[in-house]
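Everything on this sheet refers to the single structure shown next.
The values are calculated or read from the model by the stated rules, or taken from the named source; none is laboratory data. In this text the structure is predicted, and so the values were computed from the model without any measurement. Note that we place each Cβ from the backbone using ideal geometry, even for glycine, and neighbour counts take in every protein chain shown. To get the accessible areas, we keep the full protein, side chains included, count just its heavy atoms, and leave off ligands, DNA and RNA. Shrake-Rupley method; radii C 1.70, N 1.55, O 1.52, S 1.80 Å.
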Amino acid sequence: MIIVVGPSGATGPTGVQGLQGPRGSTGVHGATGPTGSIGAQGSRGITGATGPTGVRGDANPLAFFTGAYWNPTYPYADALNSLVPDKTINFGPVPFNTGTYLFHFEIQVGWNANGGDTSGDLLITQNIGGSEIGLKAIPFAKLTRNVGTVTYGTVESYSIWTTLDVTQGLSMYLKGNQNLLIGAQCVVFNPPAYTITSPGFIN
């Protein structure tokens with residue numbers, strides 16, 4: 001018996017796409033690689049310009065003159081009564097440069113019962129070119145008043161701040177005039193940045 005095969009039929013339509021399968025798990029991280037070597041140090045930068053010099057500090061004294069100290073023999077009251085006026089203290093030569101400086105004087109003056117009313121100055125001087133030059137006059141006065149038959153004397157200390165123009169190498173003097181100068185010391189500072197001439201008393 002003879003079987004005859006007929007022609008192939010047309011291709012059928014494509015079926016629908018199937019569902020996506022589940023995602024696989026993430027694999028393990030690989031090992032960290034070795035640290036690289038440190039890079040070469042860069043060249044040093046250029047040094048900046050030096051800034052301007054700051055203002056000089058003036059807190060510390062520039063000089064101290066010991067002057068003179070009253071050192072009488074005991075009893076001191078007798079020494080006070082025997083004081084005489086017009087004494088001069090030599091502070092010694094100025095060691096720093098010629099110019100204007102700030103001075104602080106501590107001055108000891110005695111008043112005794114032997115004299116009457118007196119008026120005079122304490123004079124700060126230098127001998128320049130053989131001439132005595134007054135740098136500062138400090139007025140002083142004393143009144144004597146009796147209380148019954150009792151008279152009084154005392155030793156007192158005074159201080160003054162002032163700027164003075166002094167010359168290097170020349171001695172500085174403090175001279176009493178009528179008053180009983182018995183001692184003085186002096187401290188010198190560099191000139192302050194500002195010196196204000198105050199109006200002073202207003203009444």
Next item on the list: Amide H neighbours of Lys87 under 5 Å, at least 5 residues apart or on other chains, H built in the peptide plane: list them.
Entry: Gly176, Leu181
Checklist line | Helical contribution to [θ] at 222 nm, DSSP H n ≥ 4, -39,500 (n - 2.57), averaged over the chain, rounded to 500 | finding: -500 deg cm²/dmol
Next item on the list: For the chain, report the accessible area per residue in Å² (1.4 Å probe, heavy atoms, rounded to an integer).
Entry: 76 Å²
Item checked: For segment 63-114, alpha-carbon Rg relative to the globular expectation (2.2 N^0.38 Å, N residues) -> 1.52
Checklist line | Extreme residue, positive dipole direction of the chain, given options Leu19, Gly92, Ala40 (C-beta unit charges) | finding: Leu19
Item checked: Rg(Cα) / (2.2 N^0.38 Å) computed for the chain, rounded to two decimals -> 2.99
Check: Got the relative contact order for segment 71-203 handy, in percent, Cα pairs under 8 Å and 6 or more residues apart?
Finding: 42 percent
Next item on the list: Mind grabbing the accessible area of Val187 for me, 1.4 Å probe, Å², rounded to tens?
Entry: 40 Å²
Next item on the list: Mind running the shape call on segment 157-203? Use the C-alpha gyration tensor, a ≥ b ≥ c as the square roots of the eigenvalues: rounded below 1.5 for a/c, prolate if a/b tops b/c, oblate otherwise.
Entry: oblate
Notebook entry, point to check: For the chain, with only Lys/Arg (+1) and Asp/Glu (-1) charged at the beta-carbon, what is the dipole magnitude about the Cα centre, in debye rounded to 20?
Noted result: 940 debye
